[in-house]
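Heads up, the thing below is written out as structure tokens.
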Number of protein chains: 2
Amino acid sequence: MTAPPVALLPPSGSLASRVLKGEVRAASRLMRHIDDGTFDATSDLRVLFPHTGRARVIGITGPPGAGKSTLTDRLIAHYRAAGKTVGVLAVDPSSPFTGGAILGDRIRMQAHAMDPGVFIRSLATRGNLGGLSRATADCLRVMDAMGREVIIVETVGVGQDEIDIAQLAHTTVVVLVPGMGDDIQAIKAGILEVADVFAVNKADLDGADRVVRELRSMLELRRAVQGSPPPPGGEALRGAPASGGAGWEPPIVKVVAARDDGVDVLRAQLDRHFQHLTDSGELRSRDLARATTQFVALLRERLLRAGLARLERERGHLAGIAERIAAREADPYALADGLVLQGVP
Amino acid sequence: MTAPPVALLPPSGSLASRVLKGEVRAASRLMRHIDDGTFDATSDLRVLFPHTGRARVIGITGPPGAGKSTLTDRLIAHYRAAGKTVGVLAVDPSSPFTGGAILGDRIRMQAHAMDPGVFIRSLATRGNLGGLSRATADCLRVMDAMGREVIIVETVGVGQDEIDIAQLAHTTVVVLVPGMGDDIQAIKAGILEVADVFAVNKADLDGADRVVRELRSMLELRRAVQGSPPPPGGEALRGAPASGGAGWEPPIVKVVAARDDGVDVLRAQLDRHFQHLTDSGELRSRDLARATTQFVALLRERLLRAGLARLERERGHLAGIAERIAAREADPYALADGLVLQGVP
């Protein structure tokens, strides 16, 4: 929280070697600079990359107020009790100014401050589409490379996030709660597509059984139409893992995270799902899909960044170019093709 | 509907000149090939581009079953009665195999088959993110260049679509209906962000007033928090027009599209909004934002396509590369940077 300004950072590359030794402060700085985007972390990420791919990644998503943070804290405790080191990435869109994220960090830090086996970071950066940014994937790699055995990625389930988290995680938990009003519950096609496990939190409140019933009938409906064309928006999941994986029916677990009720059952289901992925070979196909998607996203970002930079060098600022395009004085197709033909022989 | 196979198509470029003469068959073929992606339409689009930017674009979105098609048909009739030529782009995700789209076309064609002032096309192509694809923007340009005065883009409001349609349209109508169950109504932050006008369709059904009341309180809530940080997912709209534009409060219009009740009022509100955009200067800033977004999207797509092609030429198939990345035998950062450094000096 008191990292020195960028100028005082050690030269690029040295952070990575310290991360590999498990130095929390170095990992924290590297992730902060990935999140801020003020520092080109590529050389560090290159050093770390061969050491990634060992962590088990659990995604936790759901509407605001579903109690995801409390549930995450309980899961941390359960995994710690089982002797696992834990990393948590909380992607917090509630404050674009990171205020909320930092406050959240501090409150959580207190609960786990004395435990070196728990490493929690909040990210404020959002992708261009409002989804989890590539920064999240890079920060996940930092935690992975430093040897965290279980990494929990927590995010509010808003549109694209739900899909993105399924891309990053081995197992995705969708957290719902009763009594948030019918509108919030928003039974969208999206949550069915990403949920490997449903957690109905605050299950001691009225209406928990109704939520469970609704989920059950959604799952039944899906079974009935399986083999049919994907639902509207289903193509969004192209390249993403299908919910659960073949032969997996998402279980629905009632929990009261605040009282630690049912969290052991939830954890058992998470472990059962990971075992299913391993046994069915789905783990490997998800790894491949993830590698493809992340690599294409990386390539797209790098190529666009370099392309825009060259365009601005050669043709002036993007704003001016857009003005000429809007006035039909410049031809966007010719500009794009000119850049591509020049740049990619 | 009976376009010859690609091989029989006239050479690229000649379709565009026929489109500029207003030839519906040529426009239809060009759009079909843009949608199919079997034909590089760039040279045609380059010819058309200087002739675009004249059409007024109305976006219509809302949940499945809201009666968007019926409402669109009614609006067509109203704009035709006012002497305007009309184009309709129906982006239909309900059938990834275009069956639904074509059937929809045929049914609609019958209603307007004898009117050369109405041109309706359905698109089946979806973007990678499940959103309206860039093909939609290109087809919009074809209709624009052929001189359609009013173009209606109709799509199911699923996630990203709502945002994309606001990018394309001058005025976005969100259509809601009573009695679809509380869950479907799904009062998401998204619809507030994109709606310039709300249409509550099937307003003769019970519950229409409740929908209106809910919308009113959402709008009041938004007024109360205006100036606060954007809502979760709000950054998704970066570069997109703010709902309504400064000084515009989205009106809520009750309609019964099937009986043509209230559609005149809706049309008056659409015209009032366009006048507001013109008077406030918002029209120009939206045009600029749209030009920027579309150009960057074009650039991103072209650069990635060329980059991937070169990568596969030099390093083998993407699937193999992904396997080596997943096995940590290849370094995605080095691959991406190598391509960028080579390609964009």
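The values are calculated or read from the model by the stated rules, or taken from the named source; none is laboratory data. In this text the structure is predicted, and so the values were computed from the model without any measurement. FYI the Cβ positions are ideal-geometry reconstructions off the backbone, even for glycines, and counts take in every protein chain you see. Note: areas computed on protein heavy atoms with side chains; ligands, DNA, RNA excluded. Shrake-Rupley method; radii C 1.70, N 1.55, O 1.52, S 1.80 Å.
Worth a mention:
- Heavy-atom accessible area ranking, 1.4 Å probe, most first, across B:Arg305, A:Arg56: B:Arg305, A:Arg56
- Among the protein heavy atoms, those of A:Phe39 account for about 40 Å² of accessible surface (1.4 Å probe, every chain in place).
- Each of B:Asp279, B:Asp138 has its accessible area taken with a 1.4 Å probe; listed largest first, they run B:Asp279, B:Asp138.
- Computed from phi, the 3J(HN,Hα) profile of segment B:192-197 under the Karplus parametrisation 6.51, -1.76, 1.60 (θ = phi - 60°) reads 5, 6, 10, 6, 8, 9 Hz, with x in place of Gly and Pro.
- Other copies of B:Pro50: label-to-label distances in nm, shortest first, labels 7 Å along the beta-carbon direction: 5.7
- Per-residue SASA entry for B:Arg222, accessible area with 1.4 Å probe, Å² rounded to 10: 40
- Where B:Glu282, B:Glu323, B:Glu329 fall by accessible area, highest first, once all protein chains stay in place (1.4 Å): B:Glu329, B:Glu323, B:Glu282
- Remark: label point of A:Ser285 defined 7 Å out from Cα along the Cα-Cβ vector; separations to the same position in other copies 4.9 nm, ascending.
- Solvent exposure of A:Ser122, expressed as accessible area, is near 20 Å², computed with a probe of 1.4 Å over the protein chains only.
- Peptide A:46-54, shielding by other chains (average Cβ, 10 Å cutoff): 3
- For segment A:45-93: span of alpha carbons on each principal axis (Å, largest first): 38, 30, 11
- Cross-link partners of A:Lys254 among lysines (Cα-Cα below 21 Å; sequence separation of 8 or more within a chain): A:Lys68, A:Lys188, A:Lys202
- The length gained on full extension between B:Ser285 and B:Ala82, counted as 0.36 nm times the residue separation minus their Cα-Cα distance, comes to 70.3 nm.
- For the pair B:Ala319 and A:Arg313, label points projected 7 Å from Cα toward Cβ lie 3.8 nm apart.
- Each other copy holds its own label point for A:Ser14; taking that point as 7 Å from Cα along Cα to Cβ, the gaps run 6.8 nm, nearest first.
- Dipole axis of segment A:294-334 (+1 Lys, Arg; -1 Asp, Glu on Cβ), positive-most option in A:Gly320, A:Gln294, A:Gly307: A:Gln294
- For segment A:199-211, backbone phi angles converted through the Karplus equation (6.51, -1.76, 1.60; θ = phi - 60°) give residue-by-residue couplings of 10, 9, 7, 6, 6, 7, 7, 4, x, 4, 5, 5, 4 Hz, Gly and Pro being listed as x.
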